[in-house]
Amino acid sequence: MPKHNDIIKPKTKRAKRFLDSRAPKLIEDVKTAMIMKGGNSSLTVTQALKDIYSLKKPNAVMYKKKNITRPFEDSTSLEFFSKKSDCSLFLFGSHNKKRPHNLVFGRLFDFHVLDMVELGIEKYVSLSELKNSKCPEGTKPMLVFAGEAFDLDNEHRRLKSLFIDFFRGPTVSAVRLAGLEHVLHFTAVEGKIYMRSYRCLLKKSGCRTPRIELEEIGPSFDLIRKKKNISRDAFGTKFGRVHMQKQDLSKLQTRKMKGLRKRGAAPVTAEQDAQEPKVAKVES
């Protein structure tokens, strides 16, 4: 049996190419995202995953089968699939009564979950609903973030970093002007995230610099940040709900007092039995 510290050399050329692709590099490859849906999924979530997959292609892997898992409770299956497909990003979609139309964006490091954010779809417009020309597959998008929350709030800053990693595409040294045709715009207003996708149209302006117009091509999302079991009252006080298992109160140890002890019935003596009058039975 080989030891864990021993280096196992590949026996075939195919295995050698596989190990070379997984080896550390001075310039890392483009981050690939795996997109999957949970055991319960709605039509809105399924279509949303397909549209985001279209934006990420060819740097994405789409799993069509359902995966019965809960990322916040057990990330074992996510880490298994990330190692299998060599992905460092993931998008998980699910739907249930408490979490309707739910999306979970996340990152992995060394095939272990690094961080993830849960968002709910409030309003959604798919790619097919907007009848106009789309950007070619693999177009590197320009990312625009609007809203003070992306600079002031720590949670929104982490979400901004996650969106940049997820949608930025390959790193390039130069870009031609005609290649700047896809824009992803994120707006943070009143606790919601508005995601819009535009196509840049270069129009004649009468000078050397063209006039730019934006045409919405979809998909568009109105997303809500979700926090589990946290609410606020009218005065802004934060309340949290903790779920615990059912307790057996009969085994609960309390302070015992003599006055609360159960006492049995006093035994009847022979003298007390003789003093009690006897009632004769009368047959009717």
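Values in this text are rule-based calculations from the coordinates and carry no lab data. Just so you know, these numbers come straight off a predicted model, no measurement behind them. Methodologically, a virtual Cβ is constructed for each residue, glycine included, from the backbone with ideal geometry; neighbour enumeration extends over all protein chains shown.
Between the DSSP loop rule and a limit of at most 11 other Cβ atoms within 10 Å, which trypsin sites (Lys or Arg not before Pro) in the range 144-177 are left?
Sites meeting the loop and neighbour criteria: Arg176.
Count neighbours as other Cβ atoms within 10 Å of each site's Cβ, and list the chymotrypsin sites (Phe, Trp or Tyr not before Pro) in the range 1-106 that are DSSP loop with at most 14 such neighbours. Please report the intermediate quantities before stating the final value.
Numbers: sites: Phe18, Tyr53, Tyr63, Phe72, Phe80, Phe81, Phe90, Phe92, Phe105; in loops: Phe72.
Qualifying residues, ordered by number: Phe72.
Semi-axes, largest first, in whole Å: what does sqrt of 5 times each Cα gyration tensor eigenvalue give for the range 32-157? Can you show the working numbers first?
Numbers: eigenvalues 97, 71, 62 Å².
Each semi-axis is √(5λ); the values are 22, 19, 18 Å.
Rounded to whole Å, give me the distance from the Cα center of the range 83-117 to that of the range 40-65.
12
Nearest 20 debye, what's the magnitude of the dipole of the range 20-167 about its Cα centre given +1 on Lys and Arg Cβ and -1 on Asp and Glu Cβ?
Charge dipole of the range 20-167: 680 debye, to the nearest 20.
Across the range 71-147, how many lysine pairs, 8 or more apart or on two chains, come within less than 29 Å at their alpha-carbon atoms?
Lysine pairs satisfying the spacing and distance rule in the range 71-147 number 8.
Summing Lys, Arg as +1 and Asp, Glu as -1, what charge do residues with Cβ under 10 Å from the Cβ of Arg199 carry, Arg199 excluded? Walk me through the intermediate numbers first.
On the way: positive: Lys134; negative: Glu181, Glu213, Glu215, Glu216.
Net local charge, Arg199 excluded: -3.
Within the range 74-138, which GluC sites (Glu not before Pro) sit in a loop by DSSP and count at most 14 neighbouring Cβ atoms inside 10 Å? Write out the running numbers ahead of the final one.
Values: sites: Glu79, Glu118, Glu122, Glu129, Glu137; in loops: Glu129, Glu137.
For GluC sites (Glu not before Pro) across the range 74-138 that sit outside H, G, I, E and B with at most 14 neighbouring Cβ atoms in 10 Å, the list reads Glu129, Glu137.
Of Lys31/Lys65; Lys11/Lys64; Lys25/Lys160, which pairs sit farther than 29 Å apart, going by alpha carbon to alpha carbon?
Values: Lys31/Lys65 23 Å; Lys11/Lys64 33 Å; Lys25/Lys160 26 Å.
Long pairs (Cα-Cα over 29 Å): Lys11/Lys64.
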